[in-house]
1. Skipping prolines and chain starts, which residues have an amide H placed within reach, meaning under 5 Å, of the one on Val197, given they are 5 or more residues away or on another chain?
2. Below 15 Å, Cα to Cα, which aspartates and glutamates can Lys216 reach? Residues fewer than 8 away in the same chain don't count.
3. So which GluC sites (Glu not before Pro) in segment 125-204 end up in coil per DSSP with only 13 or fewer other C-beta atoms within 10 Å?
4. What nm value, rounded to one decimal, do you get for the distance between Glu201 and His180 when each label is placed 7 Å out toward the C-beta?
5. Give, as a single signed number, the net charge of other residues whose beta carbon lies under 10 Å from the beta carbon of Leu218, with Lys and Arg counted +1 and Asp and Glu -1.
6. Identify the trypsin sites (Lys or Arg not before Pro) of segment 186-250 meeting these criteria: DSSP loop state and at most 14 other C-beta atoms within 10 Å of the C-beta.
7. Checking the table Lys73/Lys267; Lys175/Lys267; Lys47/Lys209; Lys84/Lys175; Lys236/Lys267 against a 28 Å threshold on Cα-Cα, which pairs fail?
8. Can you give the alpha-carbon Rg of segment 129-281 over 2.2 N^0.38 Å, where N counts its residues?
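Every read-out reported here was derived from the displayed coordinates using simple, explicitly stated rules and does not represent laboratory data. Because the structure is a prediction, the values reported are computed rather than measured. No Cβ is skipped: glycine too gets one built from the backbone with ideal geometry, and neighbour counts run over all protein chains shown.
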Amino acid sequence: MDQAEQLRIIKANKQSRPLARVITVTSGKGGVGKSNTTINLAIQFQKMGKKVIILDADFGLANIEIMFGAVPKHNLCDLIYQGKNIREIITWGPMDVGFISGGSGIAGMSNLSKDYLTYIVQNLVELDAIADIVMVDTGAGISDAVLEFLVASGEILLVTTPEPTSITDSYSLLKALYRHPRFRDDITKVKMISNRVEKEEEGLVLFEKLNTVVSKYLKIPMTYLGCVPQDMQLVKAVMQQTPISIQNPAARSSMAYERIACRLLEKEESQRQPKRGMAAFFSHIVTGK
């Protein structure tokens, strides 16, 4: 029995369980607020009654744990190499949002034996039973690791700012995704968030500017989720390692994250957003199918 067949059996055995909604958050360059977006949307989802787990897949960095002010005892490497189970490597942050530190674990998954892979995917599938939504916070840019996550994801949130370099790098990321041999625009949906804008009109103009060139040259359909304004309250919250959605729910940025989270949940209900679950997500990464 080959590796792909084993993973298909795992998925088939878990079909009776509800599947988590996997949302991958990414950006064309660093420093645009990607991890902040991930954390605050997770908190807003949690406030709306959804159980959320964040997978920090930004290898080598620890943005999620720094922003949460929590130090994890274990990471994904401990599941892979130390025999820990999935519940043991989850760290619980503010508002009971869970997060898993990726470390360098996922980067080496394609080189593991089939027995290791079976064990890992069996554990990761347990997230479907723990969480309603799993948010994957990728690294920034167009590395192979980032592209593998994006290709495996059915739902991508692209965070972009009005800076010319952010717009250019967002386009470069989408171009690399479009050229990936396993990318399918009927499966992967790209949704954009305009971050750090002065007013709502600026956010919409930013989306239209990027969407025009993407539609013309890449044929990738994008939807616009909304914008998050420049907000000094958010900057202060980051410095204090407390998510703005907890520290100041009435802040302009908090209310923007709430609106975006509402739109995402409304789309799930109105469009019956397909849920692939964690087994499909990770088997796509490790088998390329």
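1. Result for Val197 returns Val228, Gln230.
2. Cross-link targets: Asp185, Glu208.
3. Details: sites: Glu126, Glu148, Glu155, Glu198, Glu200, Glu201, Glu202; in loops: Glu126, Glu198.
Of the GluC sites (Glu not before Pro), the ones in loops of segment 125-204 whose Cβ has at most 13 other Cβ atoms within 10 Å are Glu198.
4. Going from the Glu201 label point to the His180 one covers 3.7 nm.
5. On the way: positive: Lys175, Arg179, Lys216, Lys219; negative: Asp185.
It works out to a net charge of +3.
6. On the way: sites: Lys189, Lys191, Arg196, Lys199, Lys209, Lys216, Lys219, Lys236; in loops: Lys199, Lys219.
Within segment 186-250, the qualifying trypsin sites (Lys or Arg not before Pro) (loop, at most 14 other Cβ atoms within 10 Å) are Lys199, Lys219.
7. Values: Lys73/Lys267 36 Å; Lys175/Lys267 26 Å; Lys47/Lys209 33 Å; Lys84/Lys175 38 Å; Lys236/Lys267 32 Å.
Where the Cα-Cα span goes over 28 Å, the pairs concerned are Lys73/Lys267; Lys47/Lys209; Lys84/Lys175; Lys236/Lys267.
8. Details: Rg = 16.0 Å, N = 153, 2.2 N^0.38 = 14.9 Å.
Ratio of Rg to 2.2 N^0.38 Å for segment 129-281: 1.07.
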